[in-house]
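What follows is calculated from the coordinates using simple rules that are stated; it is not laboratory data. In this text the structure is predicted, and so the values were computed from the model without any measurement. All Cβ positions, even for glycine, are placed from backbone atoms using ideal geometry, and neighbour counts span all protein chains on display.
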């Protein structure tokens, strides 16, 4: 049984690195710039350390450790998860979603949840910083169960309120969740592990959950070849370019022939050197200690030197032994990167910092009904802008540096570039762009078309009886605009709408659910209009023909009102 690979996700300041500090007994978080993780790091926590941390809880829950270690990957936001990439899927066996008890679900948390849903990866929630919940006594070095049992009733109630607030929020995203010690079915409910990394409370509970769930519910025996995922690249003095990677399947050896993905597609290379990260060390630059080895088996964090240094972050290298195996791997690489640098791919153009990010964007796009076309690494070129011009006129950029001339060129070609450092925000802004685009298209198509509308005379809301008649109405469906002729239920002409007002502000239109004042010429209160009367816009045959072409762009109430008007006028 190989070691499970666990990736942290969550908001940048939710305490991911502090949890690892508690597990390693280090202070790495405080050496980071501003206390925030700046790049991806890995750590192997061996069985000996797991027993040292959690032997009492392992015994209590009757969990026997069968794996040699746990491999943890830590990074800002979601980067580690999407970079652990194997042919379009994440190699992470289990994710740990960190949520700050004082902040709850934040934008990056939502982004992480969407990514986990799209990859269908099992996850645990580390509910961090519980020492900040009101009423907390300063207790340290305890399991969560021992800790909460020694806390006062007020603290327990306050913490429960936080836990069930999180449970409620998660239900909005389609997940059932529960505090881990109250979970009845681990296959249906997400486990919430409350903890305080700074006080070393609940950390052992998290470790036990990872071991228990990994060994029981995750296949740790499956091997589909000899492969490693590249998570970082660095230039080291005396060594040149090296790659931090995770061997996740089989084994790799010095001298192995491998296939790697480059900007120009699959390319053959050879492994020149392998250095294995020493257990409990941190792989990030200037901190990790390594030992030189000739071979390494899954799962393990390594530093690797290749004969040709062109491999891309967020891709996997794969060992091949025969020409048949080589062709099979090349075919898999090409299949997983459909649309990459393909000017003829239909859909939205996407530019991103890594292929792992592109994968996540494609998966989330698919779940939101957004077709992704051409994808590429780095800043969009003139060719990308021209491709986008033919595909909705937009480019989605994630974590990409844009030069001013690129923005100027895109504007001159009528192409919108949305560039964010959040995939969640990227799709939010794309949805806003589509709404505005559809609105513009609808305005063009409805210009000169009389649309269906249905209004009701509000009782007691008469402001002027005639010349013109002014009264309050509610729009029951469709819309009304100035200059629209109005008929009653019998098809009789009432007059023409002169103005629409809301709180003395003139409106160009009023839609379903709005209450406004309108003025109608030829209408006389008590003669052809009275309280609670229902009126319709008068549509001619040419309006009927044009409406049929655009009805799919409008909400269903327009069609309902249109059908009523057709019956009244027998069109």
- What is the order of 386, 209, fewest Cβ neighbours within 10 Å to most? 386, 209
- Antiparallel %, DSSP beta bridges [both residues in the chain], to 5: 65
- Task: Could you sort 165-172, 307-314 so that the peptide with the highest average Cβ count within 10 Å comes first and the rest follow in order?
- Result: 307-314, 165-172
- Note on the structure: Expected unfolding gain across residue 541-residue 157 under the 0.36 nm per residue rule, minus the alpha-carbon gap, is 131.5 nm
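For each of 282, 443, count neighbouring Cβ atoms within 10 Å of the residue's Cβ, then give the residues from fewest to most.
Least to most surrounded, the residues fall as 443, 282.
How much length is gained if the chain between residue 527 and residue 481 is pulled fully straight, taking 0.36 nm per residue apart and subtracting their Cα-Cα distance, in nm to one decimal?
14.2 nm
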- Message: Apply the a/c threshold of 1.5 to the C-alpha gyration tensor of segment 5-217 and tell me whether it is rounded, prolate or oblate.
- Response: rounded
- Rounded to the nearest Å, the spacing of the alpha-carbon centers of segment 503-571 and segment 428-452 is 19
- Cα-based Rg then Dmax for the chain, in Å, read 30.9, 98
- Enumerate the residues in segment 382-401 having an amide nitrogen under 18 Å from the point lying 7 Å beyond the Cα of residue 443 toward its Cβ. none
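Assuming 0.36 nm per residue, please report the length gained on full extension of the stretch residue 456 to residue 490 beyond their Cα-Cα distance.
10.8 nm
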- Item | Rounded FRET efficiency, nearest 0.05, which uses the C-beta distance separating residue 404 from residue 312 and R0 of 30 Å | 0.65
- Among rounded, prolate and oblate, which fits segment 474-559 when a ≥ b ≥ c are the square roots of the eigenvalues of its C-alpha gyration tensor, a/c under 1.5 means rounded, and a/b larger than b/c means prolate? oblate
- Roughly what would the spin-label model give for residue 338 and residue 217, points 7 Å off Cα along C-beta, in nm? 3.0
- Item | Three-way shape call for segment 377-447 based on the alpha-carbon gyration tensor, with the a/c threshold at 1.5 | oblate
- Query: Taking the simple approach of a point 7 Å from Cα along Cα-to-Cβ for both residue 570 and residue 368, what is their distance in nm?
  - Reply: 5.1
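When 264, 21, 521 are ordered from fewest to most other Cβ atoms inside 10 Å of their Cβ, what list results? Write out the running numbers ahead of the final one.
Values: 264 8, 21 22, 521 14.
Exposure proxy ranking, most exposed first: 264, 521, 21.
Calculated FRET efficiency, residue 346 and residue 324, Cβ-Cβ r, R0 30 Å, to nearest 0.05?
So the FRET efficiency works out to roughly 0.35.
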- Item | Cβ-derived FRET efficiency at R0 45 Å, residue 262 paired with residue 56, nearest 0.05 | 0.35
- Task: Quick one: compute the contact order of segment 227-335, relative version, from alpha carbon pairs under 8 angstrom and 6+ residues apart, as a percent.
- Result: 35
- Note on the structure: Pseudo-spin-label distance residue 278 to residue 239, built 7 Å along Cα→Cβ, given in nm, is 1.4
- Task: State, as an integer percentage, the relative contact order of the chain based on alpha-carbon contacts under 8 Å between residues 6 or more apart.
- Result: 11
- If one compares the long axis through the Cα atoms of helix 47-60 with the longest principal axis of the Cα atoms of the chain, the angle in degrees, nearest 10, works out at 70
- The relative contact order of segment 131-228, taking Cα pairs under 8 Å that sit 6 or more residues apart, comes to a percentage of 27
- Note on the structure: Taking 112-121, 405-414 and ranking on average Cβ neighbours within 10 Å, highest first, one gets 112-121, 405-414
